[in-house]
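Novice: The structure under discussion is supplied below as C-alpha cells; questions concerning it will follow.
Quick note: the coordinates plus some simple rules give every number you see, no bench work behind them. This one's a predicted model, so the numbers in the text were calculated from it and none came from an experiment. In this analysis, Cβ positions are derived from the backbone assuming ideal geometry, glycine residues included, and neighbour counts consider all displayed protein chains.
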Amino acid sequence: MERRRRRWGVIAEVCLWAMSVTILVPYFMVLLTSVKSSKEAGLFRLTLPSELHLLDNYRVVFERGLVVQGFVNSIIVTAGSVLIVLICSALLSFYIARTRGWISSALYRFFLLGMVAPISLVTTFNVLKALSLLNTRTGIMMIFAGILIPFAMFIYVGFIRTIPREMDEAATIDGCGPYRMFAVIIFPLMKPITFTAAILVFMNVWNDSQIPLFFLNDNRYWTMPLNIYRFYGYFSTDWNYIFGNIFLTALPVLVIYLFGQRFMIEGMTSGSVKG
C-alpha cells in the first residue's frame, strides 16, 4: 500500500513538472525571439538564435517603444490603484466584519455585486468627464479602485472574521478607539492577506489594457500594455522587437509573482487556521 502511494506520488510530481514546463514554454519563446534577427523571429521557432542580437534589439525597443515613459505611467497607475484598493477595502472590511446589523449586511451584498456587475463604459465616461478626470491617470486609478475594491473586500472580510472578537474587547478596555484598534491591533494581523491582495491587485492593474485604452486619449499617459499596440504599428513585421517589448512588459509581473508567491500561499491559508 505504501509503495503504491509513493508510486502515485512520483507520477503526480512528474505530471506537475510537465505542466509547469508547458506553461513556461511561451515565456521561453518570447525571450528567445526577442534576441533573434528579424528573419529568424518571423519563423516563430523554438530554437536558439544563430546570432545574438540582444543589445541591438533592446536598444530599438527602448528608443522607439517609449519603454521608460510607459513604465513610469504603469508604476504610477498601479501603485496608486493598489494603495487606494488596500486602504479602502481594509477599512470597509473591518466595519462589515465587526458590525452586526442590516446596514453592514446590505453593504456586504452591495459590494459583492461589484464582483460580477460589468462596467458601464458610457456612464463611467460621463462621470469622469463631469469630474474633470477624463484622460488622467487619477481617473484610471479611480476606475481600477472601483473594479477591484469588491474583490479585496471579499477576501479581507473572510480573514477578519477569523480574528477573535476578544482582542477587540481587550483593546477597548485598554482605552483604544475603533481607529486606533484597527491600526494597532487588527491591521498588523492582516499582513498575510494584505500581501496577497496587493499582489493580485498589482497583476490585474498592470496587465490591463482595456481601461487605459478606453479612457486615455493622450498617449503620454499610456501604460506598458498599450505601448505594445503602438509599437506593433511601427514594427508589424519585426517580431523580435515586438517580443522584446512584450518581455519587458511581462517581466515586472513575473518578478513580483516569483518573490510574492510565498506571501500569497500564506495569505490564502492563514485564515483557515486562525481562531
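Novice: Kindly state, to the nearest 0.05, the FRET efficiency for residue 256 paired with residue 122, given R0 = 30 Å and r defined as their beta-carbon distance.
Specialist: Given R0 = 30 Å and the Cβ-Cβ separation, E is 0.35.
Novice: Give me the percent relative contact order of the stretch 129-275, please, defined on Cα pairs under 8 angstrom at least 6 residues apart.
Specialist: 36 percent
Novice: Something else: Filter the chymotrypsin sites (Phe, Trp or Tyr not before Pro) in the stretch 1-44 down to the DSSP loop ones having no more than 16 other Cβ atoms within 10 Å, then list what survives.
Specialist: When the chymotrypsin sites (Phe, Trp or Tyr not before Pro) of the stretch 1-44 are filtered for loop state and at most 16 Cβ neighbours within 10 Å, 44 remain.
Novice: Which loop-located GluC sites (Glu not before Pro) does the stretch 21-127 contain, where loop means any DSSP state but H, G, I, E or B and the Cβ has at most 11 other Cβ atoms within 10 Å?
Specialist: Values: sites: 40, 51, 63; in loops: 51.
Qualifying residues, ordered by number: 51.
Novice: Roughly how many whole Å is it from the C-alpha centroid of the stretch 146-207 to that of the stretch 77-121?
Specialist: 12 Å
Novice: Debye sum, Cα scatterers, the stretch 1-143, no solvent: what log₁₀ I/I(0) at q = 0.15 1/Å?
Specialist: Debye intensities relative to I(0), on a log10 scale: -0.98.
Novice: On full extension of the chain, what length is gained from residue 167 through residue 45, given 0.36 nm per residue of separation minus the C-alpha to C-alpha distance?
Specialist: Between residue 167 and residue 45, full extension yields 37.9 nm more.
Novice: Now, a different point. Sorted by packing (mean other beta-carbon atoms within 10 Å per residue), highest first, where do 92-101, 211-220 land?
Specialist: Ranking, from highest mean packing down: 92-101, 211-220.
Novice: Could you order peptides 240-249, 162-171 by the average number of other Cβ atoms within 10 Å of their residues, highest first? Mind showing how you got there, number by number?
Specialist: Values: 240-249: 23.8, 162-171: 13.4.
The most tightly packed comes first, giving 240-249, 162-171.
Novice: I've got another one for you. Starting from 0.36 nm per residue, how many nanometres of slack lie between residue 29 and residue 107 once their C-alpha separation is accounted for?
Specialist: 23.4 nm
Novice: Ignoring everything except DSSP H segments at least 4 long, calculate the 222 nm mean residue ellipticity for the chain; use -39,500 (n - 2.57) per segment, divide by total residues, nearest 500.
Specialist: -24500 deg cm²/dmol
Novice: Now a separate question. Express the relative contact order of the chain as a whole percentage, based on alpha carbon pairs under 8 Å and six or more residues apart in sequence.
Specialist: The normalised contact order for the chain reaches 31 percent.
Novice: Given C-alpha coordinates of the stretch 111-203, what is the ratio Rg to Rh with the Kirkwood estimate of Rh?
Specialist: Looking at the stretch 111-203, the ratio lands at 1.11.
Novice: Quick one: Debye curve from the alpha-carbon atoms of the stretch 67-153 only, equal weights, vacuum; give me log10 I(q)/I(0) at q = 0.12, 0.14 Å⁻¹ to two decimals.
Specialist: Summing over Cα pairs of the stretch 67-153 leads to -0.44, -0.59.
Novice: Test of understanding: in a Gaussian network model of the chain with alpha carbons linked when under 10 Å, which of 47, 22, 136 would top the mean-square fluctuation ranking?
Specialist: Greatest mean-square fluctuation among the candidates belongs to 22.
Novice: Here's a follow-up. Over the chain, what portion of Cα pair distances is larger than 32 Å, expressed as a whole percent?
Specialist: Across the chain, Cα pairs with separations above 32 Å total 43 percent.
Novice: What is the stretch 1-114's relative contact order, in percent, from Cα pairs under 8 angstrom and six or more apart in sequence?
Specialist: Rounded, it is 12 percent for the stretch 1-114.
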